[in-house]
Amino acid sequence: MRPIWTGAIGFGLVNIPVKIYSATESSSLDLDMLDKKDHSNINFKRVNAKTGREVAWGNIVKGYKLPNDEYVVLDEKDFERANAKKTKTIEITDFVKEDEIESVYFETPYYLEPDKSGARAYALLREALLKTKKVGIATFVMRNKEALAILRANEKVIVLNRIRFAEEIRDASDLALPPKTQVKANELKMAVSLIDQLSGKFKIDQYKDTYSAELLKVIKAKAKGKKLKEPKLKIVHGKTKDLMDQLKASLTPKKRKAS
């Protein structure tokens, strides 16, 4: 794996040199975009708006547009000048319980790897996070953009999870949402029973990306020239529209995956 950021974790007066690595990879199939007419590949080019000529990556710079339509061109040093510390330091400012952070804020996970010189301090922070069952709240700059993040630990590695700023979350008040008064006590009791029946320990390995495998079957069938059936989706609501009856039917004993 290649590191995508190099710097340090700021933990009080302790600095831990680290590298950031992406913790995820796509499980979906790699599909190319083609011209519908002749199936030629579609390419995207970086083109000069004035000349129409393609521009190499090495000749591209970033600029901020002024009200008079002129640009202030920025180089890498300019981004560091804005806040040199944040471009090189993941500064932990607070520690909180992870369940205090709503899932809507979570974005992208990364692994943190220490340099040899910071291995002992890294291990200390990891074990302290585990013992306190807390996560560190930190800010830093990656790819010329300030990021808010949490640092949480498992038995092996400290995981940095980027989270969104409050202003990035849309207000849900504009949605047509039902009030609590629409919930009947007996229906709520039955729904809780259904949740209890389906509850178990979370085991990530039991969840698989089955759609990619099914899509690959379709691709192979088409490659062989097979005629494919038209998909028919039918949402089953049960034999009755009564919510209580649907809940009771859902609680009927049946074989389930072992939890």
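Values in this text are rule-based calculations from the coordinates and carry no lab data. The shown structure was predicted, so the numbers you read here are calculated from the model rather than taken from an experiment. A quick note on method: Cβ atoms are made from the backbone with ideal geometry, for glycine too, and the neighbour counts reach across all protein chains shown.
Quick look at the values:
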{"item": "Whole-percent pair-distance distribution, where bins are 10 Å wide, for the alpha carbons of the chain", "result": "5, 16, 20, 23, 21, 12, 3, 0"}
{"item": "Loop trypsin sites (Lys or Arg not before Pro), region 99-164 (other Cβ atoms within 10 Å of the site Cβ: 16 or fewer; DSSP)", "result": "133, 143, 156, 164"}
{"item": "Region 178-217: chymotrypsin sites (Phe, Trp or Tyr not before Pro) falling in loop per DSSP and having at most 15 other Cβ within 10 Å", "result": "202, 207"}
{"item": "Cα gyration tensor of region 76-122 - equivalent ellipsoid semi-axes, whole Å, descending", "result": "24, 19, 11"}
{"item": "Cα-based Rg of region 1-65 normalised by 2.2 N^0.38 Å, two decimals", "result": "1.90"}
{"item": "Shape category assigned to region 122-202 from the gyration tensor of Cα positions, a/c cut at 1.5", "result": "oblate"}
{"item": "Mean-position separation - Cα centroids, region 32-95 and region 124-140, in angstrom", "result": "34"}
{"item": "Cα pair count fraction exceeding 17 Å, expressed as % - region 43-147", "result": "72"}
{"item": "GNM result for the chain, Cα springs below 10 Å: residue of 155, 127, 113 fluctuating most strongly", "result": "155"}
{"item": "Separation of the residue 25 and residue 189 label points, Cα + 7 Å toward Cβ, nm", "result": "5.2"}
{"item": "Per-pair calculated FRET efficiency, R0 = 35 Å: residue 100 and residue 198 via Cβ, rounded to 0.05", "result": "0.85"}
{"item": "Computed helical MRE - 222 nm, the chain, DSSP H runs ≥ 4 contributing -39500 (n - 2.57), nearest 500", "result": "-7000 deg cm²/dmol"}
{"item": "Value of relative contact order over the chain, rounded to a whole percent, pairs C-alpha under 8 Å and six or more apart", "result": "17"}
